[in-house]
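Contents: one structure, followed by commentary.
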Amino acid sequence: MANVDFNDDDVYASRRYKWYGICEDCKEFNSGYGVCHSCDSIIKNQAWKSGDKNIDIFIKNSQLNAVTYRSIIEWIPFDKLKNIREIGKGGFSTVYSAIWIDGKRMINKNEKNDIVALRKQDHKVALKSFTGIQNIHMNFLKEFRNHVECRIYGHDLEIYGVTYSKKHNEYMMVCHYADEKDLRHYLSKNFTSLTWKDKLFILSNIAYNLSEIHRAGYVHRNFHSGNILQIRELQSIEEDHSYISDLGLSYKIEELASSGKIYGVIPYVAPEIFLGQKHEKSSDIYSFGVIMSEMSTGESPFENETHDKNLQIRVCKDNLRPGFASGTPDCYTELAKRCMQHDKTKRPTAREVYIKLDYWYKLLSKKSEELNKIKNEFLKADKTKHTLKPRLAKHNGSRYTSQLIETLKFSKCL
């Protein structure tokens, strides 16, 4: 073990532990896993300015409070990004791909099992900007803050920092690039090759992410398959990880209130929200049940319907719900239907859903020849061939980007 010096004037002394590794510069224990806050060049350089005081304060405070090298967010000058091109546009945002020259922060260990902090230079990233909404700077900071805070609790989407484009006069969040796009596009491309084991792996990933967002005290409020990013880590489908994005409409539970207007994608919105009630965690669970239907059929929910007040009425009054493919295991449809219960108090929590899906996935992952009823149901379902090839919705009246829904006016019509 190397000798470690302690400085009496060190403001980070109480945060230094030997299992964080030793700083190569000051030779003291690091003050976070793989990082020394006193010596890290990005944290030490506090002279930069983004042009927005609130963004500056948030980034600098986050840097000082970061507990790992990888979780440090940065102000990223726009000239440190290259090969920028637009790759998508949603209800409120535009997404670009880019190459970040300095690259993401990573942690490895050397042959002596010492912690080594490094950069993955020329790393492909996504840039997200806001469009078409009032108070753009305020909403940008809100989504950025929400993602950073949820990541502290275990939400997996990597957030690298913030940049500013003078050309577009807008701030952009720099984050993990989703090479497989969102879940909706992913299913349209890969559905026929997915086994139920693959589907359960994807869903358990999503349920875990949602449970961590809820554990952080947030409700998503706009949860649908277009807001779930698919990222392939290696070549296997089992290395395709799912990350919940677009937390710009998310709120802390104590901040939630019914305003009479919401933004959302109609097929994923819980009936009580149409009726003017405020969003709760159970509203996100309803949306998850709709995604479970989508995973069963490979089709977007109600893709042959017009997404209007008539559909809302049928969801609220007739208990209309999206269906499931023939041969879908009973245990699976039962869980999805519990998630889509009209009575929100009867829906499971995100944690309960995750535990159930993870259990089923692990059942199918076991190499043992021993079968139980549930495992047999999923293996049998894999043998069912679906002749209908999934596609993105073509119906003129269907819409899978967020839109304004006036719940107060709707509730008065019922």
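The values are calculated or read from the model by the stated rules, or taken from the named source; none is laboratory data. Keep in mind that what you see is a predicted model, and the values were worked out from it rather than measured. When we count neighbours, we look across all protein chains shown, and the Cβ atoms used for this are built from the backbone with ideal geometry, even at glycine.
A few points about this structure:
- Options 102, 114; residue that is more than 28 Å from residue 185 (Cα to Cα) and touching a helix residue (DSSP H, G or I) at 6+ places or on another chain (Cβ under 6 Å): 102
- Of all residues in the range 30-83, those satisfying the criterion of being among the aromatic types (Phe, Trp, Tyr) and either modelled with pLDDT of 95 or more or within 27 Å of the chain's Cα centre (by Cα) (or both) are 33, 58, 69, 75, 78.
- Criterion (in contact (Cβ under 8 Å) with a residue 40 or more places away in the chain and exposed (fewer than 15 other Cβ atoms within 10 Å of the Cβ)) met by exactly one of 21, 88, 51: 51
Here is a yes/no grid of residues against (1) of a type in the set (Val, Ile, Thr); (2) in the same structural domain as residue 55 (by TED's automatic domain parsing):
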position: 157; (1), (2): no, yes
position: 161; (1), (2): no, yes
position: 171; (1), (2): no, yes
position: 187; (1), (2): no, no
position: 192; (1), (2): yes, no
position: 198; (1), (2): no, no
position: 203; (1), (2): no, no
position: 210; (1), (2): no, no
position: 214; (1), (2): no, no
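- Search result, residues across the range 61-73 that are charged (D, E, K, R) and exposed (fewer than 15 other Cβ atoms within 10 Å of the Cβ): none
- Considering the range 269-373, the qualifying helices (runs of 4 or more DSSP H), each wholly inside and each with 1 or more residues that are under 22 Å from the mean Cα position of the chain (by Cα) and under 27 Å from residue 197 (Cβ atoms), run over 281-297, 330-339, 350-365.
- Annotation for the range 329-349: no member residue is surrounded by 12 or more Cβ atoms within 10 Å (Cβ to Cβ), modelled with pLDDT under 75 and of a type in the set (Lys, Arg).
- Yes/no for residue 84 being of a type outside the set (Lys, Arg) and closer than 27 Å to residue 227 by Cα: yes
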